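We did not get these values from a lab; they are worked out from the coordinates using the rules stated. Since the model is a prediction, treat every value here as computed from it, not as a measurement. Glycine gets a Cβ as well: all are built from the backbone with ideal geometry, and neighbour counts include every protein chain shown.
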Amino acid sequence: MASDKSEFVITRSFDAPRELVWKAWTVPELMAQWWGPKGFKVGTYKLDFRPGGTYHYCMRGPDGKDMWGKFMYREIAAPEKIVFVNCFSDEAGDITRHPLNPSWPQQTLSTITFVEEGGGTKVIVRWVPIDPTEIERKTFDDNHASMQQGWGGTMDQLAEFLAKAKKAA
């Protein structure tokens with residue numbers, strides 16, 4: 001496991017009840033509407049939301065290229081926390097290297113915490129590489145600004161989704 005210096009943390013508060021934010025992360029049809037960096041859209045996906053289950057998905061980038069990913073769920077404590085291993089994959093679900101950065105850690109551990117906050121919800125994402133090589137750890141540490149942008153765009157898409165979902169309710 002990585003040392004604390006490699007940990008990446010991003011926090012975002014949403015004007016939505018925790019139950020709705022939790023559903024956005026756990027109901028496949030909802031997650032497909034917002035997951036991924038800004039400009040990416042989830043197409044194909046399969047979600048088996050349970051410890052030991054997986055979320056296997058394909059994101060299409062603004063350039064039309066497909067990128068596959070996979071979560072392997074380790075811990076689920078509804079509606080407070082989700083812990084999963086995150087990796088890139090191929091269409092069959094086999095773990096692959098990052099398509100644009102071969103020195104990116106092959107697997108990362110994501111811990112997503114949902115905290116009730118005055119009628120809204122604070123989401124805390126903690127992300128660390130799993131058993132990284134020295135090069136993978138350096139790549140992860142050197143890319144915190146890029147991760148801030150990527151996760152920030154994902155959180156922006158979640159905020160837009162939650163605003164629409166609240167209006168529809």
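Positive end of the dipole of the chain (Cβ unit charges, origin at the Cα centre): among PHE49, THR133, GLY93, the Cα lying farthest that way belongs to PHE49. Separation of the range 112-169 from the range 19-42 is 12 Å, based on Cα centroids.
Applying both filters, DSSP loop and at most 12 other Cβ atoms within 10 Å, to the GluC sites (Glu not before Pro) of the range 77-169 gives GLU91. For the set LYS138/LYS164; LYS65/LYS167; LYS38/LYS166; LYS70/LYS122, the pairs lying more than 30 angstrom apart at their alpha carbons are LYS138/LYS164; LYS65/LYS167. Each principal axis of the Cα cloud of the range 60-158 was evaluated for its coordinate range; sorted largest first, these ranges are 42, 32, 29 Å. Straight-line reach from LYS46: taking Cα to Cα under 12 Å and skipping same-chain neighbours fewer than 8 places apart, the aspartates and glutamates in range are GLU29, GLU91.
For the range 80-131, the Kirkwood radius over C-alpha pairs fed into Stokes-Einstein at 10 °C and 1.306 mPa s yields D = 125 µm² per second. Quick note on the range 40-102: its Rg to Rh ratio, both from C-alpha atoms and Rh being the Kirkwood radius, is 1.01.
So what is the calculated 222 nm ellipticity per residue for the chain, using -39500 (n - 2.57) for each DSSP H run with n of 4 or more, over all residues, to the nearest 500 deg cm²/dmol? Could you put the intermediate results ahead of the total?
Values: 4 runs with 47 residues, N = 169.
Dividing the helical sum by the residues of the chain leaves -8500 deg cm²/dmol.
Give the Kirkwood hydrodynamic radius (Å, one decimal) of the chain, defined as one over the mean of 1/r across all pairs of different Cα atoms.
Numbers: mean 1/r = 0.0612 Å⁻¹.
Roughly 16.3 Å, rounded to one decimal.
Ranked by the mean number of other Cβ atoms within 10 Å of their residues, highest first, the peptides 143-149, 60-66, 33-39 come out as 33-39, 143-149, 60-66.
Treating r as the C-beta distance of GLN107 and ASP156 and R0 as 22 Å, the FRET efficiency rounds to 0.30.
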